[in-house]
Amino acid sequence: MSDFDKRYRVRLLPSITVTQTHPLSVERLAPWVGRAAWALMPITAGGALGAAVHGWDGPVRAAATAGMWAVWALTLVATLVPHPVGITVWRVAAPAALLAVALAAAGGHTTLLGALNAAVALGVAFAPATAAVFVNGPAYPNERRFSLRPPGIALVGPAALAWAALVGGPTSAVLLLAGGNWAVGVPVAVVAAASSVVAGRALYGLARRWVVLVPAGIVIHDPLTLADPTLFQRAAIAGMGPAEVDADAPRLDLTAGALGLALELRLAGPTGVFVVTRAGRRPTAETVSTERLLIAPTRPAEVLAEVLARGYPVG
C-alpha cells in the first residue's frame, strides 16, 4: 500500500484530477431515464396492481385505485420539477412503487417489466447525478450546489422509519376509512396526519443539505450540523482537499457521520462557526472556532473540480 493510500480514506482518490469536468450530459440524461420509467408504470405494472386489489371490497378497491393514480400523477409532476421538494417526493414514492409491485408478485400477480421499471425509477431517484439537477434547480446562475451525503445512521434507522410513517400511515388510514372501519380509521388518520408532517419535514431536510460555491466564497448549508447557512469568504479560504484519516491539526467535523470520503476545507485563520449540538434532549447551538472543517459531499471529485475552477488551492 502506498503512502497516498495510507493517508486517505479510499483508494479511488487518484481519479480526482484537476482536468475533471462536470458530467453535465449524465446529469441531464439520468433524470429523464427515471422520468420515462415512472411515466410507464401504469402500463408495465398497472395490470398486476389492479389484479392484486381486484378481490377487495368495492369502496376499498376504489380508494386503493384512486390513491395509486393520485400518487403516480403527483410523482410524475414532481420528477419534472427540479427542486428539493420534487426529489423528496420522488424518493418517497419510488420505494413505495417497488414495494407495491413486490406485494402484488407475492400474491401471484408478477410483472417483471413493472418491477424493472420501478427499480429504475428508484435507482435514478437516489442517483447523485439526479440530486445535482434537483438541488441546483432553484439556485442562482452564478452558484453551484453539491449535495451532502446523509448520516450513515439515518439510512438504516430514522430515514426508513420516516418513510414508513409517510407511506404506511396515510395508506392505512384511507383503506380503513374506505372499508367503513371508522372506530380505528379516524384515530389512525389523525396520527398519520401528524406523523406525516414530521416525517415529511425530516426527509425534505435531508435533501436540503449542500455545499455551495458562490462568487463570494463557499457556503455550507446543513441544518443538521449548522444553526445557519455559513459563508466562508474567498479571502478566508486557504484551500480544500481530501481529508487525511489521521491529521495532527484539530478539525470541526460537519459530516454528521456520513460514510465515505470526506473533504477538508482549510481556512486562513481561526473562524467562528455556529454549530448545532445534540448532547441533551433538545438541539442547542454554540460557536466553535476552527481553521479546518470536514464535509462529505456525494461527489467529492466534482466539488474539487469546481473549487479548482474558481481559483482556490486544491490538495
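Only the coordinates and a few stated rules stand behind these numbers; no lab work does. Everything numeric in this text was worked out from a predicted model, so none of it was measured. Please note: Cβ atoms are built from the backbone with ideal geometry, for glycine as well, and neighbour counts cover all protein chains shown.
Below is a table of values for the structure above.
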| item | result |
| --- | --- |
| Over the chain: helical MRE at 222 nm, DSSP H runs n ≥ 4 each giving -39500 (n - 2.57), nearest 500 | -16000 deg cm²/dmol |
| Using a Förster distance of 51 Å, the FRET efficiency for V33-W182 (Cβ separation, nearest 0.05) | 0.70 |
| Protection proxy ranking, peptides 30-38, 248-256, average beta carbon neighbours within 10 Å, highest first | 30-38, 248-256 |
| Volume in Å³ per residue [convex hull over Cα atoms, computed for segment 148-208] | 63 |
| Shape of segment 199-315, Cα gyration tensor, a/c cut at 1.5 | prolate |
| Extension reserve of the T287-R201 stretch, reckoned as 0.36 nm per residue once the Cα distance is removed | 28.4 nm |
| Phi to ³J(HN,Hα) by Karplus 6.51 cos²θ - 1.76 cosθ + 1.60 over segment 254-266, Hz, x for Gly, Pro | 10, 7, 6, x, 5, 8, x, 5, 10, 10, 10, 9, 9 |
| Most fluctuating residue given options G200, G217, G58, as computed from a GNM of the chain linking Cα atoms under 10 Å | G58 |
| Whole-percent pair-distance distribution, where bins are 10 Å wide, for the alpha carbons of the chain | 6, 23, 29, 21, 13, 7, 1 |
| Radius 15 Å from Cβ of A132, net charge of other residues (Lys, Arg +1; Asp, Glu -1) | +4 |
| For A268, residues with placed amide H under 5 Å, excluding near neighbours | I237, A238 |
| Global geometry of segment 17-130, whether rounded, prolate or oblate, following the gyration tensor of its Cα atoms and the 1.5 cut on a/c | prolate |
| Segment 149-227-segment 33-67 distance, computed between alpha-carbon centres (Å) | 24 |
